[in-house]
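Engineer: The structure is given below, and queries will be raised subsequently.
The values are calculated or read from the model by the stated rules, or taken from the named source; none is laboratory data. All of these numbers come straight from a predicted model, not from anything done at the bench. Heads up, the Cβs are rebuilt from the backbone with ideal geometry, glycines too, and the neighbour counts pull from every protein chain shown. To get the accessible areas, we keep the full protein, side chains included, count just its heavy atoms, and leave off ligands, DNA and RNA. Shrake-Rupley method; radii C 1.70, N 1.55, O 1.52, S 1.80 Å.
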Amino acid sequence: MSSAPSVAIVGSFNQDLTWRCAEFPAPGETIVGAFTSGPGGKGANQAVAAARAGATTAFVGALGDDAFGHEARRFLAAEGIAVHAAPKKLPTGNAAILVNDHGQNQIVVALGANAAITPRDVTASLLRGARVVVCQHETTLGINAHAFRLARRSGVTTVLNPAPMRGDFDSAILQHTDVLIPNETEFVALAHQLKLTGKTALTEKKLAALSPAALHRLCRAFGVPTVIVTLGKRGCFVSQPSTHTIIPAYTGIKVVDTTGAGDAFCGGFAAGLVKFNGDTLAAARFGNAVAALSVTKRGTAPAMPTARELARFLKRLR
Ligand code: ATP
Ligand code: RIB
């Protein structure tokens, strides 16, 4: 077996501190909820999703020298993930997550060590040999551009999940991006930032009402070979240079907590690209399956489906 991972995730680890409550508190209000804590962060969630879905996976990031950071190393390694996390003199990233009884969430992330990652922490040798590298927006945007430049030099497929969308987004990274995976909120924000919407303001409501052909035209304006818009319970929309496809979400599942669904999709998609030898549509279908199973459990990284759960789920559907 080659020592290089097939999927390299360059991204964040956050300790997720989650409070469940019936309704979100109003400003100034105090309410009683139930607390849990566990490993999360978009990078780590995607790495766990990819590894559990069967891809040899590396996590490249940064952690603090604190209890959360030490536990993160142990957790990721126990998942069979190669951990390349630079130690930083900052607290490990963390996230305050509120989940209400309607399944909605609100999240505040303190990037901490994640934002201290430097190009020296992301070397060519860590990415060389991988099939896919995935970045998100919870480290620094400069490190994503650096990672993608290195990846492209080694012929590695680059996947950008622009989550959360940031005001300092630099569209230059799109030239180095093979697959762009925004959710609807991120898609709208990106379209505005790149001034792709003309004079009309695009909203999520308007986006949902677009015909597939109109959405495809908008996706093409990003200048990225493949754009996949995740559509929550509606599945995902895949726009490729000369074709577009809607892949419906899996139905008949009991939705418990959708936090991290986008991460499950991205990690599953990356693993799918390896499993299906670069077949984008097969990988997106696989991403939908990984994400569907992830929403049936509470939490983020620990909620990612195991290979056995996935196999059983996909077999039942045949
Ligand atoms: P989050 O911010 O909650 O992590 P997201 O907004 O980034 O998620 P979504 O577009 O909501 O991402 O969902 C990602 C994927 O998860 C979808 O493309 C779909 O495959 C799956 N998914 C989400 N919600 C459901 C659901 N209710 N039923 C089945 N699959 C779902
Ligand atoms: O996408 C879910 C993730 O967003 C959580 O794990 C939290 O850490 C925030 O980064």
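Engineer: What lysines sit close enough to residue 233 to cross-link, taking a C-alpha to C-alpha distance under 26 Å and skipping anything fewer than 8 places away on the same chain?
Structural biologist: Result set, ordered by chain and number: 42, 205, 206, 254, 275, 297, 315.
Engineer: Tally Lys and Arg at +1 and Asp and Glu at -1 over the other residues with C-beta under 11 Å from the C-beta of residue 37: what net charge comes out?
Structural biologist: Numbers: positive: none; negative: 16, 71.
Local net charge: -2.
Engineer: Which whole-number value in Å² is the accessible area per residue of the chain, probe 1.4 Å?
Structural biologist: In whole numbers, the chain has 45 Å² accessible per residue.
Engineer: From the Cα gyration tensor of the range 60-101, with a ≥ b ≥ c the square roots of its eigenvalues, which class applies: rounded if a/c is under 1.5, or else prolate if a/b is larger than b/c, or else oblate? Could you put the intermediate results ahead of the total?
Structural biologist: Details: a/c = 2.47, a/b = 1.40, b/c = 1.77.
Here the range 60-101 falls in the oblate category.
Engineer: May I ask you to list the trypsin sites (Lys or Arg not before Pro) in the range 195-283 that are in a DSSP loop and have at most 13 other Cβ atoms within 10 Å of their Cβ?
Structural biologist: Listed in order of number, the matching sites are 195, 199, 254.
Engineer: Test of understanding: extend the Cα→C-beta vector of residue 233 to 7 Å, then name every residue of the range 286-308 with backbone N under 16 Å from that spot.
Structural biologist: 292-297
Engineer: Moving on. Give the range of the longest stretch in the chain that excludes all GluC sites (Glu not before Pro) found in loop regions by DSSP and having at most 14 other beta-carbon atoms within 10 Å. Can you show the working numbers first?
Structural biologist: Values: sites that count: 23, 29.
Counting at most 14 other Cβ atoms within 10 Å as exposed, the longest clean stretch of the chain is 30-318.
Engineer: Relative contact order for the range 77-127: what is it in percent, counting Cα pairs under 8 Å that are at least 6 residues apart?
Structural biologist: Here the relative contact order equals 33 percent.
Engineer: From the residues 203, 259, 181, which one has its Cα farthest along the dipole of the range 171-269 in the positive direction, the dipole being from +1 and -1 charges on Cβ of Lys/Arg and Asp/Glu about the Cα centre?
Structural biologist: Checking the options against the dipole of the range 171-269, the answer is 203.
Engineer: State the percentage of accessible surface on the chain attributable to carbon and sulfur atoms; use a 1.4 Å probe and exclude ligands, DNA and RNA. Don't jump to the answer; show the numbers that get you there.
Structural biologist: Details: 7940 of 14160 Å².
Carbon with sulfur: 56 percent of the solvent-accessible area.
Engineer: Additional query: Length gain on complete extension for the stretch residue 175 to residue 277, per 0.36 nm per residue less the alpha carbon to alpha carbon distance?
Structural biologist: Separation in residues times 0.36 nm, less the Cα-Cα distance, equals 34.4 nm.
Engineer: Sketch the reach of a paramagnetic label on residue 34 as a point 7 Å from Cα along Cα-to-Cβ, and name the residues of the range 253-269 whose backbone nitrogen lies under 19 Å away.
Structural biologist: Flagged as within label range: 254-260.
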